[in-house]
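*Asks:* Take a look at this one; I'll ask things after.
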Amino acid sequence: MANPEPTLDRSYIRPGDRICAAVSGGADSVAMLLLLHAANALPRNALGVGLSAVHVHHGLRGEEANGDLAFVEALCARLAVPLHIQRADVPGRIAQAREVGQPETIEEAARNLRYDLFRKLIADGHADSVLTAHTLDDQAETVLMKLLRGAWTEGLSGIYPVVLVPNAARPGKILRPLLGVRRSELVAFLGSRNQGWRTDSTNADPAFTRNRVRHSVLPLLREFNPAIDQALSNLAELAREDEARWQSELGRILPQLLLPGRPVRGGGRGVSTAPGESNSVALEIDRLRALDPALRRRVVRAAARTLGVRLNFDETARLLGLAGLLPGPNATDPSVACSGSKLHLSSQLRATRTLRELRLLRETPLKSPKNMETL
């Protein structure tokens, strides 16, 4: 009995859309392109989209990368799918990031450049959506890596099935239509079509964290739970739903809690125009105390985010301790939290405790290279 064809998630694809498949030449992306091409040619229930492809040459891996490009060119020519070829300067990106104090690994730089190019395709009107071939296996690996790094729920949300790309002229989307499909299903599908693919030699290099998770950690975890990949994918879905709910709540409550500048005699707030002083907010400690612990922690983190600073678990706990709001015996210990106490965090954030407020100040403006955004 033949294996069933992998199922594309069509939820965010509409007839008439211009969709662009990101094709590296690997099994996952080749399978995605074939599935999209076949679905678009169905006599009934066809996608009804304008289909193109994009291949990013990262300037790494020498002749192997050139071979990937030639393979994708030949595949797209055979399918009569228009191909956008983009070239990225990963070493240049790494050097630029290092100069502004935000170093990136090779993986991070390559990924960020890819998404910069995807956004440009959308902004230039070549596509309404760019589709990447992330699978359920990728989701499981990502969630596990985030968990090992101590991520919050936004990190445990893993890979989102759809990410909006805001643009004043041409808003678009990044879509992952194979996020519910196992990699093995795609390999079996390609085998049934006698379709080859390219293998990236770096996928076996243990120097990369994802490879160690893929080839060492997950196989061990499957001995305890054969369905661990699905369990991690389910965790990502739950985390995304929780995060969406929290963000909605924070959007409602945060404007009522954040105070700009400093209180002035006679009432009101004074906002300094001195360099750096405008990068500050304050929270009333009594109002924080009235919140439940989960919301209180998120409000403190969200306040820091308004200054462009991401707090980890320990930094958040230190701020709550400064405000005298840590759960446990230190919550009201005057040696932990008293008026005039200050706290310097490694993430460029300085906090000051007054009698009534917890004040946060970003000491220096955040520097970022051009297009340093990530998805």
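*Asks:* If you scan the stretch 321-375, which residues turn out to be in contact with an Asp or Glu (Cβ under 7 Å, 6 or more places away or on another chain), at pLDDT 80 or above and in a loop (DSSP other than H, G, I, E, B)?
*Replies:* Of everything in the stretch 321-375, those that are in contact with an Asp or Glu (Cβ under 7 Å, 6 or more places away or on another chain), at pLDDT 80 or above and in a loop (DSSP other than H, G, I, E, B) turn out to be Leu345, Gln348, Arg356.
*Asks:* In the stretch 87-106, what residues are at pLDDT 80 or above, in a loop (DSSP other than H, G, I, E, B) and of a type in the set (A, V, I, L, M)?
*Replies:* Ala88
*Asks:* Same structure, new question: Out of (1) surrounded by 13 or more Cβ atoms within 10 Å (Cβ to Cβ); (2) closer than 15 Å to Asp137 by Cβ, what's the single condition that is false for Pro219?
*Replies:* Of everything listed in (1) surrounded by 13 or more Cβ atoms within 10 Å (Cβ to Cβ); (2) closer than 15 Å to Asp137 by Cβ, Pro219 misses just condition (1).
*Asks:* Now for a separate question. Of the conditions (1) surrounded by fewer than 18 Cβ atoms within 10 Å (Cβ to Cβ); (2) closer than 28 Å to Arg14 by Cα, Thr105 satisfies every one except a single condition; which number is it?
*Replies:* Among (1) surrounded by fewer than 18 Cβ atoms within 10 Å (Cβ to Cβ); (2) closer than 28 Å to Arg14 by Cα, Thr105 violates only (2).
*Asks:* Hey, among Ala239, Ala227, Ala244, Ala188, which residue is over 27 Å from Val23 (Cα atoms) and either in contact (Cβ under 8 Å) with a residue 12 or more places away in the chain or in the same structural domain as Ala351 (by TED's automatic domain parsing) (or both)?
*Replies:* Answer to the check: Ala239.
*Asks:* Right, Ala290: farther than 30 Å from Leu218 by Cα, over 29 Å from the mean Cα position of the chain (by Cα) and at pLDDT 90 or above or not?
*Replies:* Taking the combined requirement at face value, the residue satisfies it.
Okay, residues lined up against (1) outside the structural domain of Arg212 (by TED's automatic domain parsing); (2) buried (at least 22 other Cβ atoms within 10 Å of the Cβ); (3) touching a Lys or Arg at 6+ places or on another chain (Cβ under 7 Å); (4) in contact (Cβ under 8 Å) with a residue 12 or more places away in the chain:
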{"residue": "Ala80", "(1), (2), (3), (4)": "no, no, no, no"}
{"residue": "His84", "(1), (2), (3), (4)": "no, no, no, yes"}
{"residue": "Gly92", "(1), (2), (3), (4)": "no, no, no, no"}
{"residue": "Thr135", "(1), (2), (3), (4)": "no, yes, yes, yes"}
{"residue": "Val143", "(1), (2), (3), (4)": "no, yes, no, yes"}
{"residue": "Leu156", "(1), (2), (3), (4)": "no, no, yes, yes"}
{"residue": "Val162", "(1), (2), (3), (4)": "no, no, yes, yes"}
{"residue": "Arg182", "(1), (2), (3), (4)": "no, no, no, yes"}
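*Asks:* What's the number of the only condition in (1) outside any helix (DSSP H, G or I); (2) at pLDDT below 90 that Gly158 fails to meet?
*Replies:* Evaluating Gly158 over (1) outside any helix (DSSP H, G or I); (2) at pLDDT below 90 leaves (2) as the failure.
*Asks:* How many of the residues making up the stretch 58-82 are under 13 Å from Asp200 (Cβ atoms) and under 25 Å from the mean Cα position of the chain (by Cα)?
*Replies:* Number satisfying all stated conditions: 2.
*Asks:* A further question on this structure: Of all residues in the stretch 232-256, which are surrounded by 12 or more Cβ atoms within 10 Å (Cβ to Cβ) and either of a type in the set (Lys, Arg) or not in a helix (DSSP H, G or I) (or both)?
*Replies:* Arg240
*Asks:* Against the definition (hydrophobic (A, V, I, L, M, F, W, C) and either buried (at least 18 other Cβ atoms within 10 Å of the Cβ) or closer than 15 Å to Ile174 by Cβ (or both)), how does Val100 come out, yes or no?
*Replies:* No: the conditions fail for Val100.
*Asks:* Another question, then. When you check Leu144 against the structure, is it in contact with an Asp or Glu (Cβ under 9 Å, 6 or more places away or on another chain) and not charged (D, E, K, R), yes or no?
*Replies:* Criteria not met by Leu144.
*Asks:* Okay, next question. Do you know which residues across the stretch 14-34 are surrounded by fewer than 22 Cβ atoms within 10 Å (Cβ to Cβ), farther than 14 Å from Trp197 by Cα and in contact (Cβ under 8 Å) with a residue 60 or more places away in the chain?
*Replies:* Answer for the stretch 14-34, where residues must be surrounded by fewer than 22 Cβ atoms within 10 Å (Cβ to Cβ), farther than 14 Å from Trp197 by Cα and in contact (Cβ under 8 Å) with a residue 60 or more places away in the chain: Asp17, Arg18.
*Asks:* What are the residues in the stretch 169-187 that are assigned to a loop (DSSP other than H, G, I, E, B), more than 21 Å from Phe118 (Cβ to Cβ) and either in contact with a strand residue (DSSP E or B) (Cβ under 8 Å, 6 or more places away or on another chain) or among the basic types (Lys, Arg) (or both), if any?
*Replies:* Passing the criteria: only Arg182.
*Asks:* With the structure loaded, tell me whether Leu221 is closer than 30 Å to Ala65 by Cβ, assigned by TED's automatic domain parsing to the domain that holds Thr142, modelled with pLDDT of 95 or more and hydrophobic (A, V, I, L, M, F, W, C) or whether it fails that test.
*Replies:* Spelling it out, it is not the case that Leu221 is closer than 30 Å to Ala65 by Cβ, assigned by TED's automatic domain parsing to the domain that holds Thr142, modelled with pLDDT of 95 or more and hydrophobic (A, V, I, L, M, F, W, C).
*Asks:* A further question on this structure: Which of the numbered conditions does Ala65 fail, given that it passes all the others? Conditions: (1) assigned to a helix (DSSP H, G or I); (2) more than 22 Å from Asn211 (Cβ to Cβ); (3) free of Cβ contacts under 8 Å to residues at least 12 places away in the same chain.
*Replies:* Only one criterion is unmet by Ala65, namely (2).
*Asks:* Confirm whether Ile19 is under 26 Å from Ala188 (Cβ atoms) and part of a strand (DSSP E or B).
*Replies:* Yes: the conditions hold for Ile19.
The values are calculated or read from the model by the stated rules, or taken from the named source; none is laboratory data. Source: prediction; values computed, not measured. Cβ atoms come from the backbone with ideal geometry, glycine included; neighbour counts cover every protein chain shown.
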